[in-house]
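Some notes on the structure that comes next.
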């Protein structure tokens, strides 16, 4: 390459570099100016901020003070195995501790959603738990561990599936299937025999087998239905100021060994009042054989069953009788370390024996429910953000063309279960407008509707949309209940809990004239009283 060509190439490269640097400098300057100028932020951020601000202004401020522990009560009763066998079947009674719960919700505004039911045996002496459990390894943010002292109830759908599988193997169903099989086999080999044998086989299949089936009915079907009706299911709703029952099923093999399991199924009361078991003639030998070794570890002077009975009786009568432990005796004998140090050695032994019997009882096992309080949306007025018609909000045919069904959507909050109305500035339904909600395509934030006008609505009419809700009525989960309409031909007043009226912007148009040249116009009735709006709702938009 010649000398002049090399100089030309070098100069051209330098010019490209200068041009590139100038372009980048201009881009950075523009970006810095945009960032420094608060009146000209990026468009996307501006739209999001405006949407959030608008939603905050239109939303209904609510103060949540309800919680499960303060507003609910739970009563539990253990259903003995003999009774559970008749109600839920032998399969369930032999494998589950069946506990009926009466859950009451005293809150006047919120419903209770029961999400879990479990046994807490952290204070049970036979649980083997202590305060010196090794520290569990840390978990990731996407993980959550269970608690080792909690036994969750089996969900009713699983219990039902287990009983359904066991149904075909019950003694009754075995017998019916065996008789049916015998009759079927006999019918297949009746040709070598006489007609009397054939008649006998036919009578066996047509009379004996159905008769046995009628005499020995299958109760499993009713037991399955009971599990479906009252068995614990997640997310069960207890309405405000109401109560309901549910039955929890806890696997016995999860917390009882074979010997204790057998005792629990035969004498469940003994696990709640173990003092009875050691004095019960039929069970004292068995329970004494279990408790005597434990009591001897606390008091070496206990050598026989009679010594154990005397020590237990003396422990419950004398432990906590002194002033130093009287306050602790009211809590079941759980004396503090300070009072224990002031007790005599004899009284300390008695109190430990008392604690042994108190904490070995199933009274130290608690049944706990978990859940959340949620506001009953039927008691919260709806909030309307906007109304949109499929034909377009500016299309005059919506209001001046009669007999045509128009599709539309109301957007907002708490719209589920609402009934739409079209009213004037006085709150009275506008004559000539029929509007009905569409439940299938509605939800909490969108209420679909169909509207038909039977008269032309003058463009000078002030049109307001209102969504009213009926408290304490059952509606479909999708939105407004099907069939809830506000046909103006009946001039039904707005009933229920109304929303703040939303004014629909009307466009200028002319109503068509009839054959006599008179404008066919609808009108608004003003004889009805305006709907009552919540105190926090504000005035209609002008």
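The values are calculated or read from the model by the stated rules, or taken from the named source; none is laboratory data. Because the structure is a prediction, the values reported are computed rather than measured. Cβ coordinates were reconstructed from backbone atoms using ideal geometry, including for glycine residues, and neighbour counts include every protein chain displayed.
Residues in the stretch 293-310 that are farther than 18 Å from residue 283 by Cβ and outside any helix (DSSP H, G or I): 299, 300, 301, 302, 303. Please indicate, with yes or no, whether at least one residue in the stretch 311-323 is modelled with pLDDT of 80 or more, farther than 23 Å from residue 127 by Cα and either in contact with a strand residue (DSSP E or B) (Cβ under 8 Å, 6 or more places away or on another chain) or assigned to a loop (DSSP other than H, G, I, E, B) (or both). Yes: the stretch 311-323 contains one or more residues that are modelled with pLDDT of 80 or more, farther than 23 Å from residue 127 by Cα and either in contact with a strand residue (DSSP E or B) (Cβ under 8 Å, 6 or more places away or on another chain) or assigned to a loop (DSSP other than H, G, I, E, B) (or both). When the residues of the stretch 255-265 are filtered to those that are more than 20 Å from residue 122 (Cα to Cα) and surrounded by 14 or more Cβ atoms within 10 Å (Cβ to Cβ), the one that is modelled with the highest pLDDT is 265.
The residues in the stretch 390-437 that are part of a strand (DSSP E or B) and within 14 Å of residue 499 (Cα to Cα) can be counted, and the count is 10. Going by what's in this entry, would residue 504 be described as at pLDDT 80 or above and under 30 Å from residue 110 (Cα atoms)? In short, no. Among the residues of the stretch 100-122, the ones that are part of a strand (DSSP E or B) and closer than 14 Å to residue 256 by Cβ come to 1 in all. Restricted to the stretch 150-201, and to residues there that are in a loop (DSSP other than H, G, I, E, B) and within 24 Å of the chain's Cα centre (by Cα), the residue that is nearest to residue 366 (Cα to Cα) is 153.
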